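Novice: I'd like to ask you about the structure that follows.
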Amino acid sequence: MHRFSYLMLVTLLFFSSSTLAEKYEITVLATNIANFGGFGEWSFSALYEGENESILFDTGWDDNTVLHNAKILNKDLSKVEKVVLSHWHFDHTGGLLALRNRYKNINENAFSQVYVAEGFFIQRYMHSQHWPNGRKIIGTSEKTTDATGPEPIGPGNFAFSADFKKAAETAGIEFIEVKKVTKVAPAIYVTGPVRKVSESRMVPDHIFIKKGDAFKIDPIVDDQSIGYMTESGWLVMSGCGHAGLINTSEVLLEVDNKPIYSALGGFHLYNASSARVDKTGHWLKEKGLGLFMGGHCIGITSAERIANIVGLDREKLSHAAVGSVVTKDLEFIRSSVE
């Protein structure tokens, strides 16, 4: 073998093995249920801890949820410099500013790089009767041209997306807008916007965008997920999975056609039809699902139905709670409320 060819082979093998060797422990920091003094809420957040860096996926709803739960779980969030936000919804973005302001004096780069998908800052609207707990959001009470119409609502606790963006940037946060699949760390990818191919989007019918003078149901084009390439295949993590778990996974399969071995997080199937849930289960079985931790908006019955279709043993099925862990060896450490 020529020396040049040999060196090229060694280099390729090194980078290939180093990517697969990068492993992360994943801990759920926010979801609907909690134990041991944790705060449970309608939201999601998970911490990826690797050898060289930590990454946070979503930031919960209330300012204090992730801060509190990380404390009781003895997690050092000052190491987190990269954040991936799955989409603009306030139950996934509410803790960002509090986290940045809490840790920036310990690490000036803490929570400073935030990956959002294209379309994240589109202004949304919601009728006040649907607002969380009936409470108003920062910077609102401005009505639309129609006094009975929906009012503006944005990420975090803000009414206006532009105000959220300004407050975050003032705090030292840089938003990185993702337009296509992007590698953000060793073995970690974000999908960016997910196109509708194999299934319809799962979107609420009470949130709107404005097209001219008309309000249209928000298609949540900014919904994105994480793809973590493990030695067993892809681990797909969604905050709500509004784009659809199949659509999302197919984006990652275009990067590397490996098994969809793990699916974690919220997949918005709690009110889906049995046909929709069954379609998802059969597709995941075909793609090699071997580990499943549904949480937040998936619905326990939907998660169990999928697990039954796939044929997962109890040891390979978990319902995410605050403190649930997926180890670097892809095993569960369960919360005691399961």
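The values are calculated or read from the model by the stated rules, or taken from the named source; none is laboratory data. Just so we're clear, the structure is a prediction, and the values are computed from it rather than from any experiment. Neighbour counts run over all protein chains shown; Cβ positions are idealised from the backbone, glycine included.
Yes or no, residue by residue, for (1) part of a helix (DSSP H, G or I); (2) at pLDDT below 95; (3) among the small types (G, A, S):
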{"position": "S5", "(1), (2), (3)": "yes, yes, yes"}
{"position": "L9", "(1), (2), (3)": "yes, yes, no"}
{"position": "V28", "(1), (2), (3)": "no, no, no"}
{"position": "E51", "(1), (2), (3)": "no, yes, no"}
{"position": "T59", "(1), (2), (3)": "no, no, no"}
{"position": "H87", "(1), (2), (3)": "no, no, no"}
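Novice: How many residues does segment 270-283 hold that are within 19 Å of the chain's Cα centre (by Cα) and either basic (K, R) or surrounded by fewer than 24 Cβ atoms within 10 Å (Cβ to Cβ) (or both)?
Specialist: Count: 1.
Novice: Would you check if there is a residue in segment 207-228 being touching a residue at least 60 places away in the same chain (Cβ under 8 Å), touching a Lys or Arg at 6+ places or on another chain (Cβ under 7 Å) and surrounded by fewer than 19 Cβ atoms within 10 Å (Cβ to Cβ)?
Specialist: The answer is yes; a qualifying residue exists.
Novice: Moving to a separate point now. Answer yes or no: is there a residue in segment 246-259 that is surrounded by fewer than 23 Cβ atoms within 10 Å (Cβ to Cβ) and either among the basic types (K, R) or modelled with pLDDT under 95 (or both).
Specialist: Yes - at least one qualifying residue is present in segment 246-259.
Novice: So which residues in segment 298-326 are closer than 19 Å to Y261 by Cβ and surrounded by fewer than 13 Cβ atoms within 10 Å (Cβ to Cβ)?
Specialist: Hits for segment 298-326 are N308, G311, D313, R314, E315.
Novice: I need every pair where a residue in segment 58-82 that is within 26 Å of V178 (Cβ to Cβ) has its Cβ under 8 Å from the Cβ of a residue that is assigned to a helix (DSSP H, G or I) and among the β-branched types (V, I, T), sequence separation at least 6 or different chains.
Specialist: D58/T93; T59/V66; T59/T93; G60/V66; L77/V66
Novice: In segment 92-131, what residues are in a loop (DSSP other than H, G, I, E, B), touching a Pro at 6+ places or on another chain (Cβ under 7 Å) and either crowded, with 17+ Cβ neighbours inside 10 Å or of a type in the set (A, V, I, L, M, F, W, C) (or both)?
Specialist: The first filter runs over segment 92-131 and keeps only residues in a loop (DSSP other than H, G, I, E, B), leaving 94-95, 104-112, 118-123, 127, 131.
Add one more test, that the residue is touching a Pro at 6+ places or on another chain (Cβ under 7 Å), and what stays is 118-119, 123, 127.
Across segment 92-131, the qualifying residue is only G119.
Novice: In segment 196-206, what residues are of a type outside the set (S, T, N, Q) and touching a residue at least 24 places away in the same chain (Cβ under 8 Å)?
Specialist: K196, V197, E199, R201, M202, V203, H206
Novice: For the list (1) under 20 Å from the mean Cα position of the chain (by Cα); (2) at pLDDT 95 or above, I need the number of the one condition that I300 fails.
Specialist: Unmet condition: (2).
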